[in-house]
Number of protein chains: 2
Amino acid sequence: MTTGEVLERAGAGEDKDYVQSLVRGLEVIRAFSQYKPRMTLSEVAQHTGLTRAAARRFLLTLVREGYAETDGKLFALRPKVLELGFAYLSSLPMWEVAQPVMRDVVNTLQESCSLSVLDGDDIVYVARVPTARVMTIGLSIGSRLPAFCSSMGRVLLAGLPPAELAVFYDRVRIEKRTPRTVATMVALKEAVENARRQGWALVDQELELGLRSIAVPVRNRRGEVLAALNVSTHEGRSSIEAMRSQFLPVLLDAAQRISAALSQ
Amino acid sequence: MTTGEVLERAGAGEDKDYVQSLVRGLEVIRAFSQYKPRMTLSEVAQHTGLTRAAARRFLLTLVREGYAETDGKLFALRPKVLELGFAYLSSLPMWEVAQPVMRDVVNTLQESCSLSVLDGDDIVYVARVPTARVMTIGLSIGSRLPAFCSSMGRVLLAGLPPAELAVFYDRVRIEKRTPRTVATMVALKEAVENARRQGWALVDQELELGLRSIAVPVRNRRGEVLAALNVSTHEGRSSIEAMRSQFLPVLLDAAQRISAALSQ
DNA sequence: CAATTTTGTTCGCATTACGAACTAATGATG
DNA sequence: CATCATTAGTTCGTAATGCGAACAAAATTG
């Protein structure tokens, strides 16, 4: 063995105060969503890059703690893992209050309504009220979309302190998802600046062809942007003008109601 | 030090293949929901029973991996932890399909509709569509209620294989939550048996005074009970008779639609 | 049904993660 | 407003945890 090469461990573990086993265990949990809901020990090992021995230890630990179950061959997650995600949602003050308000929005507009927050370069859905219609993209709580080409993303970016926004611009890689996706940094900056000025953002088929959405910010009493609220529709169902004249007022009112509820 | 007392570690760690650090780390995540959304290192240590040194390692690891953030003093969870819970939800085949069906139920009945699964002696909410009305209990995805005194619990218990149900009866401790809560094992068994015979369960203020709910099972194509669907209301708003005559048909139809969607 | 591949488990040991001890920060008190 | 007391955060030597190579068992194939 060569002399103490401390930082050889692939990518991870540069830090000192770092619990490798926690990270690996969380990887095992996440492997289930990224691949299949039911996996053998070896499949888990493959999809996490762990040795089979390691995968086994983590799986048995998860089973022992009630986070997973097994029939001896296949492993699957149990509802207890929801408590982990729930730990985050319950820390979001707006969450409980937003749900009924969003239901009202859906009832009024007959289109899906979502609430999201910014995490790195992505928006993350934290609440969602779907319509009965079958949607093109299957989105639910916890799923991510690139911030730069979604309506909620534009609104959330516009609410960032200038310094953080600058960091985002340095880091972000514009990837054309449709022919309509914003193509240049200049255009993106212009779109975000526009969202800031007008207090809302409309994105037309930049994420997926046929998908149109409009978003507004949800602010705390100090005016900081905490989340974004949006309504999405299909290109053939609502015109851009209709979204501005009909959807926008409903959304602004809903965001106002959520903000108001936060401030008591 | 005394001679190799292997099983001295409080409660845990009896097993061999057991990754202590994963369990501890998950405890840290969960500490945030059970206590406050923002905590100092020491508070986390207190609420998990870890030493401050250990709490620090886990918190720094979570921050490093994007599951938490800190301003140097306070720690808070980040949206990334949702991906963990999401790993479970995406493994539930019914989840996506249930949401719009549930929205229809809420629109028709103007009462909250929920979907839950059984985990041990509890039911765990996996989807929920609230009404605009303010509810007495703040329930959301991931939260738990005792199975024995909730309508969904009765339906889920009724769907258990006899052997597993017997184990449940041996284990369960009947705790009176209201004066109306079922008081004896005999009465509980009778209620579960009744739910099995009639294919639904109505529970009147056994969980909380004023709270009434009715539930039906969601089955896969083989007839196994996968989940329970319910509608809950307030005692003063809907009579028991109204729930039977109006709510029940809507619920049965909804459960049927979800089951049908699973079977393609 | 032997050979081969794949999956699951054991076990000695190196590394990890442990927590006692230390230091720094905060708050109380005369 | 120094001093002490208490609480919070960090360091570091070391024991035990968790590691994975090696082994065994099961499944697959020729």
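The values are calculated or read from the model by the stated rules, or taken from the named source; none is laboratory data. What you see is a predicted model; the values in this text were computed from it and never measured. Counting neighbours? That spans all protein chains shown, and the Cβs are built from the backbone with ideal geometry, glycine included. To get the accessible areas, we keep the full protein, side chains included, count just its heavy atoms, and leave off ligands, DNA and RNA. Shrake-Rupley method; radii C 1.70, N 1.55, O 1.52, S 1.80 Å.
Brief remarks follow.
- Angle in degrees between helix A:20-34 and the longest Cα principal axis of chain A, rounded to the nearest 10: 60
- The largest accessible area among A:Asp119, B:Asp71, B:Asp253, A:Asp170 belongs to the first residue in A:Asp170, B:Asp71, B:Asp253, A:Asp119, and the rest follow in falling order (1.4 Å probe, all chains).
- In this structure, the amide hydrogen of A:Ser143, modeled 1.01 Å from its nitrogen in the peptide plane, lies closer than 5 angstrom to those of A:Tyr125, counting only residues at least 5 positions away or on a different chain.
- Beta carbon of chain B nearest to the axis of the rotation taking B to A, residue and angstrom distance: B:Gly85, 1
- Heavy-atom accessible surface of chain B: percent carbon and sulfur, 1.4 Å: 50
- Cβ neighbours within 10 Å from other chains - mean over B:36-46: 1
- Accessible area per residue was computed with a 1.4 Å probe on protein heavy atoms; B:Val186 scores about 110 Å².
- Each of B:Ser151, A:Leu160, B:Leu59 was scored by the projection of its Cα onto the charge dipole of the protein assembly as shown, and the greatest displacement toward the positive side belongs to B:Ser151; charges sit on the C-beta of Lys, Arg, Asp and Glu.
- Heavy-atom accessible area with a 1.4 Å probe sorts A:Arg30, B:Arg57, largest first, into B:Arg57, A:Arg30.
- Exam field: B:Glu69 pseudo-label spacings to other copies (7 Å along Cα-Cβ), nanometres: 3.7
- Using the Stokes-Einstein relation with a Kirkwood hydrodynamic radius computed over Cα pairs, the translational diffusion coefficient of the protein assembly as shown at 20 °C and a viscosity of 1.002 mPa s comes to 86 µm²/s.
- Based on protein heavy atoms only, segment A:24-180 ends up with 39 Å² per residue of surface accessible to a 1.4 Å probe.
- Dipole magnitude of segment A:156-264, debye to nearest 20 (Cβ charges: Lys/Arg +1, Asp/Glu -1, about Cα centre): 180
- Among B:Lys80, B:Lys36, the sequence by solvent-accessible area, most first, with a 1.4 Å probe is B:Lys36, B:Lys80.
- Per-residue shielding of B:139-145, expressed as the average number of other chain Cβ atoms within 10 Å of the residue Cβ, stands at 6.
- Accessible area per residue was computed with a 1.4 Å probe on protein heavy atoms; A:Cys149 scores about 0 Å².
- For A:Glu206, the solvent-accessible surface with a 1.4 Å probe is about 30 Å², rounded to the nearest 10.
- Accessible area buried by the pairing of B and A, both sides summed with a 1.4 Å probe, works out to roughly 6000 Å².
- Given +1 at the Cβ of Lys and Arg, -1 at the Cβ of Asp and Glu and no other charges, the dipole of segment A:134-214 around its Cα centre is 40 debye to the nearest 20.
- Over 25 Å [Cα-Cα, segment A:92-262], rounded percent: 24
- Comparing A:Ser143, A:Ser213, A:Ser112 in a Gaussian network model of chain A (Cα springs below 10 Å), the most mobile by mean-square fluctuation is A:Ser143.
- For the residue pairs A:Lys36/B:Lys73; A:Lys73/B:Lys176; B:Lys36/B:Lys176; A:Lys73/A:Lys176; A:Lys80/B:Lys189; A:Lys189/B:Lys36, the C-alpha atoms sit more than 32 angstrom apart in A:Lys36/B:Lys73; A:Lys73/B:Lys176; A:Lys73/A:Lys176; A:Lys189/B:Lys36.
- Copies compared at B:Arg173 - label distances in nm, ascending, label defined 7 Å from Cα in the Cβ direction: 5.5
- Cβ charges +1 (Lys, Arg) and -1 (Asp, Glu), total dipole of the protein assembly as shown, debye: 300
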